[in-house]
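Asks: I'd like to ask some things about the structure below.
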Amino acid sequence: MIEFHRVSKHYARNAAALSDIDLRIDKGELVFLSGPSGAGKSTLLRMIAAMERPTSGTVTVNGQDIGKLKPSGLPWLRRNLGLIFQPHSLLTDRSVLANVMLPLMVTGTPRADAEKRARAALDKVGLLGHAASEPLALSGGEQQRVAIARAIVNRPQIILADEPTANLDRASANRVMSALKAFHGVGVTCLIATHDESMLRDAPRVIYLERGRLVDFPAEEMNAEVT
Ligand code: ADP
Ligand code: ADP
């Protein structure tokens with residue numbers, strides 16, 4: 001479903017953000033992407049969404065080489081992706097429900113339909129009771145769950161989340177993570193970047209990045225073995 005073949009990314013004037021990444025994520029997998037700040041996690045996620053292009057190598061999503069995607073192919077790609085990136089950029093001048101309806105309205109879904117699906121999405125993240133609220137009236141964790149509802153309202157095949165639990169207390173972080181895992185439970189492929197170790201405990205698969213390279217074990221564990 002997602003494949004990286006010898007992918008490197010150099011931003012101008014910087015050391016390589018990603019070096020020679022080979023990676024394969026199958027349909028329906030739940031994968032955590034971990035590693036210290038600056039390791040390249042965001043860059044890797046942004047490449048899948050064609051927000052960055054590889055300097056070399058190929059990124060394939062659903063069999064399509066993202067590097068060869070024409071601008072007209074972007075909507076095709078994005079329809080298959082639910083993006084939960086920081087900052088979550090909810091619109092503060094309209095209700096929670098209107099925020100979640102937005103992706104559907106943009107693609108021309110009839111309003112009544114969009115509203116029904118937005119309510120269903122809010123229900124899935126446990127926020128149906130807040131449909132009429134203003135986003136700023138919600139806690140950080142609730143706002144993040146609204147962002148999740150907005151990201152999945154189009155029923156994407158793939159969810160990409162970048163540090164979805166950043167700045168949240170433990171209880172809120174757990175609820176955000178459960179909401180994401182619930183979508184994995186219904187067959188959605190999920191790739192979640194986090195440097196929050198406590199989120200990795202029961203993870204079916206964890207990929208570690210360090211200075212732009214995939215490593216088998218995180219540095220902390222290796223250091224612990226040495227000392
Ligand atoms: P992470 O998400 O793991 O914190 P990033 O992918 O954000 O890592 O960053 C990887 C490296 O690429 C860092 O050294 C960062 O400074 C650099 N970088 C990220 N985005 C840009 C950019 N738009 N321009 C220049 N350098 C960038
Ligand atoms: P409805 O038939 O009223 O749209 P569903 O229960 O079938 O309600 O779906 C409700 C919501 O589930 C959708 O509006 C969407 O927000 C969310 N969803 C997103 N992706 C998926 C998925 N892959 N599988 C199931 N539900 C999804």
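Asks: Identify, please: which residue in the range 34-54 is closer than 17 Å to Lys70 by Cα and not aliphatic (A, V, I, L, M) and is, among those, most open to solvent (accessible area, probe 1.4 Å)?
Replies: First pass over the range 34-54, keeping only residues closer than 17 Å to Lys70 by Cα: 46-54.
Add one more test, that the residue is not aliphatic (A, V, I, L, M), and what stays is 46, 52-54.
Numbers: Arg46: 66, Glu52: 38, Arg53: 106, Pro54: 32 Å².
Among those residues, the one meeting the criterion is Arg53.
Asks: Can you tell me which residue is nearest to ligand 1 (Cβ to nearest atom) among those in the range 103-122 that are among the aliphatic types (A, V, I, L, M) and closer than 13 Å to Ile148 by Cα? Step through it out loud before you land on a result.
Replies: First pass over the range 103-122, keeping only residues among the aliphatic types (A, V, I, L, M): 104-106, 112, 114, 118, 120-122.
With closer than 13 Å to Ile148 by Cα added as a condition, the list becomes 118, 120-122.
Numbers: Ala118: 30, Ala120: 32, Ala121: 27, Leu122: 29 Å.
Per the stated criteria, the residue is Ala121.
Asks: Only one of these is in a helix (DSSP H, G or I), hydrophobic (A, V, I, L, M, F, W, C) and at pLDDT 95 or above: Leu45, Leu18. Name it. Even if it seems obvious, please write down each step before you answer.
Replies: Details: Leu18 fails: in a helix (DSSP H, G or I).
Going through Leu45, Leu18 in turn, just one is in a helix (DSSP H, G or I), hydrophobic (A, V, I, L, M, F, W, C) and at pLDDT 95 or above: Leu45.
Asks: Exactly one condition in (1) in a helix (DSSP H, G or I); (2) open to solvent by less than 60 Å² (accessible area, probe 1.4 Å) is false for His88; which is it?
Replies: Looking at each condition in turn, His88 falls short on (1).
Asks: While we're looking at this one, here's another question. Show the residue pairs meeting these rules: Cβ distance below 7 Å; 6+ apart or different chains; first residue within the range 169-190 and in contact (Cβ under 8 Å) with a residue 60 or more places away in the chain; second residue open to solvent by 30 Å² or more (accessible area, probe 1.4 Å).
Replies: Val188/Gln157; Thr189/Met1; Thr189/Lys27; Thr189/Glu29; Thr189/Gln157; Cys190/His184
Asks: Check off (1) within 16 Å of ligand 2 (Cβ to nearest atom); (2) not in a helix (DSSP H, G or I) for Ala12 and give me the number that stays unchecked.
Replies: The one condition Ala12 does not meet is (1).
Asks: Looking for whichever is away from ligand 1 (no atom under 16 Å from the Cβ), over 27 Å from Ser198 (Cα atoms) and surrounded by 14 or more Cβ atoms within 10 Å (Cβ to Cβ) here; the options are Ile66, Ile2. Which one fits?
Replies: Numbers: Ile2 fails: over 27 Å from Ser198 (Cα atoms).
So the residue among Ile66, Ile2 that is away from ligand 1 (no atom under 16 Å from the Cβ), over 27 Å from Ser198 (Cα atoms) and surrounded by 14 or more Cβ atoms within 10 Å (Cβ to Cβ) is Ile66.
Asks: While we're on this one: Return the pair list, or none, for Cβ contacts closer than 8 Å from residues in the range 9-33 that are farther than 22 Å from Phe217 by Cβ to residues that are of a type outside the set (A, V, I, L, M) and within 16 Å of ligand 2 (Cβ to nearest atom), at least 6 apart or on different chains.
Replies: Between residues of the range 9-33 that are farther than 22 Å from Phe217 by Cβ and residues that are of a type outside the set (A, V, I, L, M) and within 16 Å of ligand 2 (Cβ to nearest atom), the close pairs are Asp26/Thr189; Lys27/Gln157; Lys27/Gly187; Lys27/Thr189; Gly28/His184; Gly28/Gly187; Gly28/Thr189.
Asks: Where the second residue is part of a helix (DSSP H, G or I) and open to solvent by less than 40 Å² (accessible area, probe 1.4 Å) and the first is over 20 Å from Ala173 (Cβ atoms) and lies in the range 130-146, which pairs have Cβ atoms under 8 Å and are six or more apart or on separate chains?
Replies: Between residues of the range 130-146 that are over 20 Å from Ala173 (Cβ atoms) and residues that are part of a helix (DSSP H, G or I) and open to solvent by less than 40 Å² (accessible area, probe 1.4 Å), the close pairs are Ala131/Val96; Ala131/Leu97; Ala131/Ala118; Ala131/Leu122; Ala132/Val96; Ala132/Leu97; Ser133/Val96; Glu134/Val96.
Asks: Same structure again: May I ask you to say which residue of Arg79, Arg119 is at pLDDT 95 or above and open to solvent by 50 Å² or more (accessible area, probe 1.4 Å)? First the steps, then the outcome.
Replies: On the way: Arg79 fails: at pLDDT 95 or above.
One residue alone meets the criteria, Arg119.
The values are calculated or read from the model by the stated rules, or taken from the named source; none is laboratory data. In this text, all values refer to a predicted model and were calculated from it rather than measured experimentally. All Cβ positions, glycine included, derive from the backbone under ideal geometry; neighbour counts span all protein chains shown. Just so you know, the surface numbers come from the protein's heavy atoms only, side chains and all, with ligands and any DNA or RNA stripped out. Shrake-Rupley method; radii C 1.70, N 1.55, O 1.52, S 1.80 Å.
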